[in-house]
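What follows is a set of notes on a single structure, which appears directly below.
The values are calculated or read from the model by the stated rules, or taken from the named source; none is laboratory data. This structure is a prediction, so every number in the text was calculated from the model and none was measured. Ideal geometry is used to build each Cβ from the backbone, glycine not excepted, and the neighbour counts take in all protein chains shown. Surface accessibility is based on the protein's heavy atoms, side chains included, excluding ligands, DNA and RNA. Shrake-Rupley method; radii C 1.70, N 1.55, O 1.52, S 1.80 Å.
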Amino acid sequence: MAMLLHRVWGSVLARAAPGPVPGPAAPGSPRGRRAQTPAEQYCASLSLGALDAVPTDVVAQILRLLGPVEAARSTAVCRAWRILASDNGLWAFFLRLGPEPWDLVVFAETHLAAGPDSLPWLYLYFDTSPQLSFKQIYGLRAVVPGTLIVDGGSGYCKYGWSKYAAPSGRCATFLEFGNIESPMYARLRHFFSTIYTRMQVKPSTQPVIVVLPLCHTDDTESARASRKQYKETIYSVLFDMNVPAVCAVDQAVLSLYASKRTSGIVVHIGFNTTSVVPIFEGRVMYEIGVETVGQGALKLTGFLKELMHQRNISCESLYTVRTIKEKLCYVAADYEAELRKDTQASCEVDGEGWFTLSTERFKTAEILFQAHMGGMRAMGLHKAVVLCMDHCYNSEVVGDDSWYKTIVLSGGSSCLPGLPERLEKELHQLLPPYISEGIRVVPPPFGSDTAWFGAKMISNVSTFTEAWCVKKQQFRQKIRRNGPLFVNAW
């Protein structure tokens with residue numbers, strides 16, 4: 001279409017130009033041949049030569065078949081080729097052929113390219129966002145270096161390359177974190193050294209993204225200092241290992257990015273606790289309040305083991321119980337109605353044989369809503385989300401007042417079938433209509449690896465190293481300005 005418009009415009013210019021007027025020949029031209037007018041020169045520059053007879057859409061298909069490298073080279077042939085080969089539709093086509101889903105590419109380049117310190121909501125009022133063509137985006141994404149992604153997690157660590165479709169390896173975080181009595185610097189050094197050894201790479205060869213776990217969630221001076229110290233200790237450890245660039249982002253924020261959003265509430269069911277995290281434009285709103293429920297995946301697994309023991313189903317390994325939970329358990333839409341149903345089902349665990357459960361299948365996850373069933377005095381998950389949403393409603397955050405009405409689930413246990421529907425139902429029952437209207441609970445977009453995929457999205461954005469990473473020299477300069485870190489004290 002762009003090429004067609006240029007050719008039509010060229011024809012218009014040619015027709016609007018004065019007719020040929022005899023006059024002196026151009027210097028160096030054969031006698032009797034006049035010089036071309038600017039309009040004629042423009043039209044000539046738009047000629048494809050022998051391909052002028054070929055429809056423009058056919059030429060575009062040829063460029064698609066040539067591929068991005070040859071299409072880019074064709075821009076040097078002439079102006080006509082440059083116009084065709086720079087068409088946004090052509091490079092959108094090439095991006096769609098890439099390994100990343102098209103919708104995630106568009107979201108990343110429109111919402112994340114400016115980096116974590118940007119204020120995207122200002123773009124609603126001031127058109128200050130950089131406008132990149134898909135050709136530029138393709139070229140920049142092609143040279144973004146491969147990045148190591150380390151998602152420590154509260155229970156299990158996922159690590160791997162940003163260019164891969166999924167994490168390369170997994171391990172129990174606490175087994176790789178070193179002696180719990182050692183200083184934080186030493187523990188982190190042991191942890192990252194273990195990851196690099198397993199990946200069989202040198203730290204100095206590529207940037208790294210570290211997924212920061214939720215910790216010290218209070219909005220107090222002490223908690224803010226602890227979060228800052230933990231993050232800067234990670235930087236210090238990795239730069240001492242000669243990592244060229246580091247990007248550290250909160251786990252909940254990455255889960256939100258993976259769902260193609262920058263604002264909302266993330267409900268993260270971790271290993272030991274469940275956190276309800278309000279996030280506005282990529283920033284955790286500690287001042288609004290992060291709600292914490294004192295039960296997580298470990299409690300669910302332990303409760304299922306108790307229920308199995310009551311029915312004389314023997315299983316000593318928590319790993320086996322966890323596998324059964326993942327295969328058979330679900331969240332009931334209506335707990336009392338579910339008790340009257342036949343819910344028996346079986347599954348096989350490698351090396352352990354077959355296991356058959358009945359009401360245990362939905363009783364296990366019910367403690368998320370009725371903690372007393374598991375012998376705990378804790379707030380129900382739905383009530384914690386209600387409390388968070390009420391705080392968001394009463395906050396003075398500038399912008400769309402519905403930013404907190406999207407709830408994104410994350411963490412392995414949040415993948416239990418029926419959880420999004422049950423939580424949404426409970427919220428509608430507890431909240432007044434002016435808050436509950438428009439609520440949507442989103443299941444984990446990438447299962448238990450949602451935060452890892454959020455990091456992968458950032459690592460492939462066209463401006464990753466410039467907008468998201470801290471370089472070693474930048475960090476050292478900051479330390480010189482602000483004083484040394486007491487990295488061995490925490």
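Sub-9 Å Cβ pairs linking a first residue in the range 253-264 that is over 11 Å from Met457 (Cβ atoms) to a second residue that is among the basic types (Lys, Arg) and not in a strand (DSSP E or B), at least 6 apart or interchain, are Gly264/Lys405, ordered by first then second residue. Is it the case, given these coordinates, that Val276 is in contact with an Asp or Glu (Cβ under 7 Å, 6 or more places away or on another chain) and outside any helix (DSSP H, G or I)? For Val276, the condition - in contact with an Asp or Glu (Cβ under 7 Å, 6 or more places away or on another chain) and outside any helix (DSSP H, G or I) - is met. Residue-level analysis places Phe464 outside the set of residues that are open to solvent by 10 Å² or more (accessible area, probe 1.4 Å) and under 16 Å from the mean Cα position of the chain (by Cα). On the stretch given as the range 61-76, residues that are in contact (Cβ under 8 Å) with a residue 12 or more places away in the chain and either more than 31 Å from the chain's Cα centre (by Cα) or surrounded by 14 or more Cβ atoms within 10 Å (Cβ to Cβ) (or both) total 5. Among the residues making up the range 115-127, those that are open to solvent by 50 Å² or more (accessible area, probe 1.4 Å) and at pLDDT 50 or above are Pro116, Asp117. Quick one: in the range 360-407, of everything that is open to solvent by 10 Å² or more (accessible area, probe 1.4 Å) and of a type in the set (S, T, N, Q), which residue is farthest from Tyr434 (Cα to Cα)? The qualifying residue farthest from Tyr434 (Cα to Cα) is Gln370.
Of all residues being modelled with pLDDT of 90 or more and more than 19 Å from Pro116 (Cα to Cα) in the range 205-219, which is most open to solvent (accessible area, probe 1.4 Å)? Just the residue, please. Top of the filtered list is Thr205. The set of residues in the range 258-280 that are at positive phi and out of contact with any His (no Cβ under 9 Å at 6 or more places or on another chain) contains only Gly264. Can you find, within the range 408-433, the residue that is nearest to the chain's Cα centre (by Cα) among those that are open to solvent by 80 Å² or more (accessible area, probe 1.4 Å) and free of Cβ contacts under 8 Å to residues at least 24 places away in the same chain? Once the filter is applied, the top-ranked residue is His428.
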